[in-house]
Amino acid sequence: METITLHTKHTTYQMGILEHGFLLHLYYGPKAEGEMDGFLSYYDRGFSANPYELRDQREISMDYLPLEYPCYGNGDHRSPAFRMRTADGVFAADLRYQSSRTVPGKYAIPGLPAVYAGDQEAYTVEVLLEDKASGVEVTLLYGVLPKLDVITRCAVVKNNGTEPIFLNKAASMSLDFLDGDYELLHFYGRHAMERMAERTPLCHGSQGFGSRRGSSSHQHNPFVILTRPETTERSGCCWGVSLLYSGNFWCEAEKDQFHQARLQIGLLPEMFDYPLAPGEVFFSPEAAMAYSGKGLAHLSHIFHRLIRRHVCRGRFRDVRRPVLLNNWEATYYDFDGKRLLDIAREAASLGVELFVLDDGWFGVRNDDNSGLGDWIVNEEKLDMTLADLSHQIHRMGMQFGLWIEPEMVNEDSALYRQHPDWAFQIPGRKPVMGRNQLVLDFSRKEIVDHVLEAISQVIAGARIEYIKMDMNRSISDVYTAVSGYQNYGTIMHRYVLGVYDFLERLSARFPDLLIEGCNGGGGRFDAGMLYYTPQIWCSDDTDAIERIQIQHGTSFGYPVSAVGSHVSAVPNHQTGRSVSLHTRGIVAMAGSFGFELDLNHLTDREKEEVREQIRTWKDCWSLIQDGLYYRLHEPSRHPDSAAWSFVSPDRQEMLLNIVTLDTHANCPVPHIRCMGLDPKRQYQELSSGRLFPGSALMHTGFPVPVVPGEYNAWQYHFIAVN
Ligand code: GLA
């Protein structure tokens with residue numbers, strides 16, 4: 001069989017071209033030379049139909065063969081990657097292989113985020129498929145990054161026919177496996193409790209999750225892992241897929257009648273109905289895939305490296321982010337310039353580098369009922385201009401940052417009174433309200449232009465080094481008055497393109513700006529957003545103990561550099577729990593570190609501790625951000641203590657972090673089995689000076705001190721001595 005093979009350093013991916021141009025998926029796994037068609041089996045299967053040309057060969061059916069980009073209409077009744085409809089309402093497609101070629105470098109996608117790499121670091125394979133009857137072409141793009149062991153995918157659909165068609169589904173990737181003995185690891189959650197890891201066996205039928213909220217969502221993350229049942233952090237086979245997209249998506253894992261598995265991710269097909277006139281082209285969002293034969297930790301490391309160096313862009317990609325203080329939980333809407341300066345002064349004196357003014361500085365906004373859309377500084381409330389405020393903060397030695405929520409509008413705002421038709425609302429119906437706000441139709445360029453201009457003027461009018469870009473409700477009532485686009489079928493996607501356009505143009509205009517993403521915390525925490533914003537506020541839940549679990553789930557697909565993480569006040573505002581400043585600091589250090597409280601309220605001893613935390617985070621920054629992150633506890637198996645570590649790439653250093661989650665009388669001693677150390681070296685723990693063999697740290701495990709009290713935390717720095 002003619003094959004197309006992609007090799008990375010440690011993995012191989014192979015497609016095969018069956019007679020008459022059916023494109024099969026043959027292999028994705030550890031590096032292997034040679035052809036994989038010998039693993040296929042052909043049998044005459046009941047109720048599995050045959051292509052017309054092969055009707056005499058009843059053992060050939062698309063219904064069970066592993067397919068590269070399955071389409072609805074050629075006899076495959078499993079979940080398709082591609083489904084289109086003609087203007088007459090006919091669902092049909094039969095995509096057949098035409099040609100393929102390899103070009104140096106990594107493809108880009110117009111208007112959408114995509115992995116990038118130098119021409120020496122990547123190559124692109126283009127595989128052209130065609131549906132003869134309609135003239136529709138689908139080009140499958142594969143970006144191969146050999147050194148990273150990553151393969152990206154994107155489908156480009158072109159209507160080369162004479163009649164319009166409607167795209168109903170165009171997944172970013174589809175992966176078929178010859179057996180079904182897998183488990184699905186995915187990341188579900190809710191507002192203030194995002195990305196909880198859940199692992200379930202693959203069962204017959206489909207398991208799906210996604211978002212129909214307009215953002216990638218708090219509820220399900222567009223990152224998924226398929227593992228073998230025996231796979232652990234330390235060993236075993238697993239495949240990860242990350243969708244670079246921040247809106248409605250759908251991920252589906254299917255186990256078919258012959259116990260074979262199929263994994264897909266892409267745009268949500270539900271209510272997706274995208275017209276393509278003759279000559280028009282559609283690009284799917286990109287999916288990045290990786291295979292690890294060395295367990296989940298290694299798979300995460302691949303995605304961490306990919307996102308850090310080949311997704312995040314701009315000046316802040318590689319440099320240490322400033323330690324920030326955000327006033328939200330310190331003041332909420334209740335502030336004036338003087339109060340802010342009081343908070344800022346204390347922060348500056350303790351070593352904070354960036355002061356962020358959150359919600360409430362613009363329009364008339366003293367609660368969440370009004371003001372969104374009016375990006376005009378409320379000088380009356382501040383009792384000074386924004387330029388003055390920023391100037392005074394800079395004089396304290398800090399940078400200055402600002403919160404925005406560009407996609408939203410309150411009914412009680414000048415913008416809404418002037419342009420009520422700019423918000424999503426359906427004529428004749430009352431819109432669903434979320435936090436008392438409506439969503440602006442960012443699929444319309446004139447609306448993006450207006451908001452971008454208003455916000456740019458604010459940024460240009462004061463010295464502003466940082467922006468927190470928020471989005472605080474799910475999208476509903478989708479309708480736009482612009483003719484031709486009245487339907488949900490395109491707008492939810494065009495909306496996301498509008499958000500990306502806003503971010504692209506904002507960064508082009510202010511290239512030195514650090515932009516942090518946010519969506520009521522981590523409701524839009526995805527690799528697409530990280531292309532524009534190198535860090536994202538991980539969750540509105542700042543309780544250190546809950547954060548451990550949120551950061552644990554987040555770490556499977558995303559690097560710590562992407563995680564905005566702050567020390568906040570106790571009792572915690574979300575849970576009412578009190579945890580020591582020491583523990584809060586250690587948890588927040590596993591991210592882009594900051595504070596979210598009025599430091600004036602701390603005792604002198606606590607203030608000294610804040611100084612120390614900032615020093616430690618700055619000293620350990622390169623180990624934390626460039627080191628390899630290891631999850632050292634499994635929440636369901638280790639309910640009493642959590643642990644994670646950062647190990648330098650040369651295995652010379654380790655920062656081990658431990659937090660006790662429960663306390664018991666006469667407590668057994670938990671041992672934390674470290675990972676990623678050099679078994680032949682001795683490691684010295686700096687606070688005690690004691691030596692530990694690397695092999696034994698990984699085998700016996702480091703003993704957790706048994707000390708009475710709740711939520712104790714330890715941070716141990718180990719250095720290899722020989
Ligand atoms: C969202 C964010 C918070 C804060 C508020 C302001 O909830 O996640 O951090 O910025 O909005 O309204």
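For all pairs of alpha-carbon atoms in the stretch 296-411, what percent lies in each bin of width 10 Å, listed from the first bin to the last filled one? Per 10 Å bin, starting at zero, the Cα-Cα P(r) for the stretch 296-411 comes out as 13, 35, 27, 18, 7, 0 percent. Using only Cα positions of the stretch 402-463, each an equal point scatterer, no hydration layer, compute I(q)/I(0) via Debye at q = 0.21 Å⁻¹ and quote the log10 values to two decimals. Scattering profile of the stretch 402-463, log10 relative to I(0): -0.88. Residue pairs exceeding 22 angstrom between C-alpha atoms, taken from K132/K158; K132/K255; K294/K618; K31/K255; K147/K680: K132/K255; K294/K618; K31/K255; K147/K680.
Annotation: D367 carries an accessible surface of approximately 70 Å², with a 1.4 Å probe and no ligand, DNA or RNA atoms counted. Modelled spin-label separation between E19 and R615, with each label point placed 7 Å from Cα along the Cα-to-Cβ direction: 7.7 nm. Its alpha carbons considered, the stretch 423-499 gives a radius of gyration followed by a Dmax of 14.3, 45 Å. All distinct Cα pairs of the stretch 310-374 go into the 1/r average, and the inverse of that average, the Kirkwood radius, is 13.7 Å.
Distant-in-sequence amide contacts of M408, defined by a placed amide H-H separation under 5 Å and a gap of 5 or more residues or a different chain, comprise L440. Looking at the stretch 94-143, the trypsin sites (Lys or Arg not before Pro) that sit in a DSSP loop and have at most 15 other Cβ atoms within 10 Å of their own Cβ are K132. Close amide H pairs (under 5 Å, H built 1.01 Å from N) link Q535 with G517, residues at least 5 positions away or on another chain.
Shape analysis of the stretch 348-437 yields a ratio of the Cα radius of gyration to the Kirkwood radius, Rg/Rh, of 1.10. Heavy-atom accessible surface of the chain, averaged per residue, reaches 37 Å², computed with a 1.4 Å probe. Bin width 10 Å, alpha-carbon pairs only: give the P(r) of the stretch 500-614 as whole percents, running from 0 to the bin holding the largest distance. The calculated distribution, bin by bin, is 14, 42, 29, 14, 2. Measuring nothing but how far apart in sequence close Cα pairs (under 8 Å, 6+ apart) lie, relative to its length, the chain scores a relative contact order of 10 percent. Of the accessible area of the stretch 260-306, computed with a 1.4 Å probe over protein heavy atoms only, carbon and sulfur atoms account for 59 percent. In plain terms, the chain from D512 to H664 could stretch by 49.7 nm, reckoned as 0.36 nm per residue minus the Cα-Cα distance.
Overall, the anisotropy analysis places the stretch 1-146 in the oblate class: the square-rooted eigenvalues a ≥ b ≥ c of its C-alpha gyration tensor yield a/c not less than 1.5, with a/b not exceeding b/c. Which FRET efficiency value, to the nearest 0.05, is calculated for K132 and T3 with the Förster distance at 35 angstrom and r the Cβ-Cβ distance? That gives a FRET efficiency of 0.95.
Extension gain, R637 to S99: 0.36 nm times the residue separation minus the Cα-Cα distance gives 188.6 nm. For the stretch 312-368, the list of chymotrypsin sites (Phe, Trp or Tyr not before Pro) that fall in a loop by DSSP and count at most 16 other C-beta atoms within 10 angstrom reads Y332, Y333.
Separation of the stretch 398-440 and the stretch 653-686, taken as the distance between their Cα centroids, equals 49 angstrom.
Relative to the compact-globule scaling 2.2 N^0.38 Å, provide the ratio for the alpha-carbon radius of gyration of the stretch 439-567.
1.16
Let me make sure I get this right: for the stretch 464-523, a, b and c are the square roots of the gyration tensor eigenvalues over alpha carbons, sorted descending. Under 1.5 in a/c it's rounded, otherwise prolate if a/b > b/c, else oblate. Which is it? Since a/c reaches 1.5 but b/c is at least a/b, the shape of the stretch 464-523 is classed as oblate. Free of any GluC sites (Glu not before Pro) that DSSP assigns to a loop and that have at most 11 other C-beta atoms within 10 Å, the longest stretch within the chain is 231-722. In plain terms, if you count all Cα to Cα distances in the stretch 87-140 and split them into 5 Å steps from zero, the share in each step is 4, 17, 18, 17, 16, 14, 8, 4, 2, 0 percent. Based on the Stokes-Einstein relation at 10 °C and a viscosity of 1.306 mPa s, and on the Kirkwood radius from alpha carbon pairs, the stretch 498-551 is assigned a translational diffusion coefficient of 132 µm²/s.
Considering all C-alpha pairs of the chain, those separated by over 33 Å amount to 51%.
Extending 7 Å from the Cα toward the beta-carbon at both D336 and R505 defines two label points whose distance is 3.7 nm. Placing dummy labels 7 Å off each Cα toward the beta-carbon, the span from T162 to S206 is 3.5 nm.
In this entry, the stretch 561-605 is assigned a mean projected area of 3.3 nm², taken as a quarter of its C-alpha convex hull surface.
How big is D for the stretch 570-718, in µm² s⁻¹ as a whole number, if Stokes-Einstein is applied with the Kirkwood radius of its Cα pairs at 37 °C and 0.692 mPa s?
Reported coefficient: 200 µm²/s.
Oblate is the label for the stretch 122-186. Its Cα gyration tensor axes, ordered a ≥ b ≥ c, give a/c of at least 1.5 and b/c at or above a/b. How big is the Rg/Rh ratio for the stretch 559-633, C-alpha atoms only, Rh by Kirkwood, two decimals? Using only Cα positions, Rg/Rh for the stretch 559-633 is 0.98. Set against the 2.2 N^0.38 Å expectation for a compact globular protein, the stretch 43-129 has a Cα radius of gyration ratio of 1.44. Checking every one of the chymotrypsin sites (Phe, Trp or Tyr not before Pro) in the stretch 545-649 against DSSP loop status and a limit of 10 other Cβ atoms within 10 Å picks out no site at all. Mean separation of Cα pairs under 8 Å and 6 or more residues apart, divided by the residue count, gives the stretch 569-656 a relative contact order of 19 percent. Extension gain, F47 to V364: 0.36 nm times the residue separation minus the Cα-Cα distance gives 107.6 nm.
If one puts a single equal scatterer on every Cα of the stretch 186-310 and applies the Debye formula without solvent, what log₁₀ I(q)/I(0) results at q = 0.09 Å⁻¹? Taking Cα atoms of the stretch 186-310 as identical point scatterers yields -0.29.
The values are calculated or read from the model by the stated rules, or taken from the named source; none is laboratory data. Note that the coordinates shown come from a computational prediction; the quantities given were computed from them, not determined experimentally. Using ideal geometry, Cβ is built from the backbone for each residue, glycine included, and neighbour counts are taken over all protein chains shown. Only protein heavy atoms, including side chains, enter the accessible area calculation; ligands, DNA and RNA are left aside. Shrake-Rupley method; radii C 1.70, N 1.55, O 1.52, S 1.80 Å.
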